[in-house]
Amino acid sequence: MPDVVFPCLDEAGALPWVLTRLPAGYRAIVADNGSTDGSAQIAADHGATVVHVPQRGFGAAAHAGLEAATDDVVCFCDADASMDPAQLPLVADPVLAGEADLVLGRRRPSSRDAWPVHARVANTALSVMMRRRTGLRLHDLGPMRAARRTELLGLGITDRRFGYPLEMVTKASDAHWRVREVDVDYHPRAEGTKSKVTGTVLGTVKTIKDMSGVLNR
């Protein structure tokens, strides 16, 4: 069954719920990016494999988790409880069945609070730019996704910041992968946690900057 990479930075308030929601047989790899709230120990206590990633950056954590994976199929999921790991088979099953090479979870907010307006606007703008760059009719750069480990490593993704998820898609498109979307639920993140990507306007600006750099390569 697939390995699941959870990039993590101070997610102590979410990890207990997140890790108990994994489908049977799925293995959690928590790529800890310098947490100071005990996230790494909490993850270990809940049976996750913990990878300590000293290089700061979302992409650095995600890629270190990918390198630590051993299963043929690898999933990625946020660790802040905004996405339910119980839905991971929605993205993993098409890859396991050989029907797709990369599957992205298109976020469907469960409430108005789940996805701030500035983050939605940024995601829409990036999706439009991504379509122009790749020709893929995608609506979301969803953080819940699945692909085969060896093929992912073969893409040669170099971004180690917020551009990592987008570079995965652009390089998959350039390699003529079969890329598809499936709907997944999107909830307000766990109390006491804070998005490092689009939870603030500043975080959104940084994300757009990093991703625009990927699109302009």
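Electrostatic bookkeeping for G142 treats Lys and Arg as +1 and Asp and Glu as -1; over the other residues with beta carbon under 9 Å from its beta carbon, the sum is +1.
According to the square roots a ≥ b ≥ c of the eigenvalues of the Cα gyration tensor, what is the shape class of segment 37-130, taking rounded for a/c under 1.5, prolate for a/b larger than b/c otherwise, and oblate for the remainder? Judged from the Cα gyration tensor, segment 37-130 comes out oblate (a/c at least 1.5, b/c at or above a/b).
Accessible area of the chain with a 1.4 Å probe: how many percent of it is carbon plus sulfur? Its accessible area is 52 percent carbon and sulfur atoms. Between M83, L155, T49, the Cα set farthest toward the positive side of the dipole of the chain (charges on each charged residue's Cβ, about the Cα centre) is that of L155. Only Cα pairs under 8 Å and 6+ residues apart enter the sum, and on that basis the relative contact order of the chain stands at 25 percent.
The calculated FRET efficiency for H139 paired with A24, based on their beta-carbon distance and R0 = 35 Å, is about 0.70.
You can think of it this way: the chain between Q55 and R120 has 20.6 nm of extra reach, that is 0.36 nm per residue less the Cα-Cα gap. Computed 3J(HN,Hα) for segment 32-38, one whole-Hz value per residue from the Karplus formula 6.51 cos²θ - 1.76 cosθ + 1.60 where θ = phi - 60°, is 7, 9, x, 4, 10, 10, x, glycine and proline marked x. Output the antiparallel fraction of DSSP beta bridges having both residues in the chain, as a percent to the nearest 5. Antiparallel bridges make up about 25 percent of those DSSP assigns within the chain.
Taking GluC sites (Glu not before Pro) in DSSP loop states with no more than 14 other Cβ atoms inside 10 Å as exposed sites, the chain has its longest site-free stretch at 1-98. Over segment 1-127, what is the mean sequence separation of C-alpha contacts under 8 Å (at least six apart), divided by residue count, expressed as relative contact order in percent? Answer for segment 1-127 is 28 percent. Accessible surface computed residue by residue for the chain, with neighbouring protein chains in place and a 1.4 Å probe, gives 43 Å² per residue. Before rounding to the nearest 500, sum -39500 (n - 2.57) across all DSSP H runs of length at least 4 in the chain and divide by the residue total; then give [θ] at 222 nm in deg cm²/dmol. Dividing the helical sum by the residues of the chain leaves -11500 deg cm²/dmol.
The Cβ shell under 15 Å around A64 holds other residues with a net charge of 0, Lys and Arg each +1, Asp and Glu each -1. Mean separation of Cα pairs under 8 Å and 6 or more residues apart, divided by the residue count, gives segment 65-147 a relative contact order of 45 percent. A cut-off of 5 Å between modelled amide H atoms, ignoring neighbours fewer than 5 places along the same chain, links G34 with V53.
The values are calculated or read from the model by the stated rules, or taken from the named source; none is laboratory data. Fair warning: this is a prediction, and the values are worked out from it, not measured in the lab. Reconstructed Cβ throughout: ideal geometry from the backbone, glycine too, with neighbour counts over all protein chains shown. All accessible areas refer to the heavy atoms of the entire protein, side chains included, with ligands and DNA or RNA removed. Shrake-Rupley method; radii C 1.70, N 1.55, O 1.52, S 1.80 Å.
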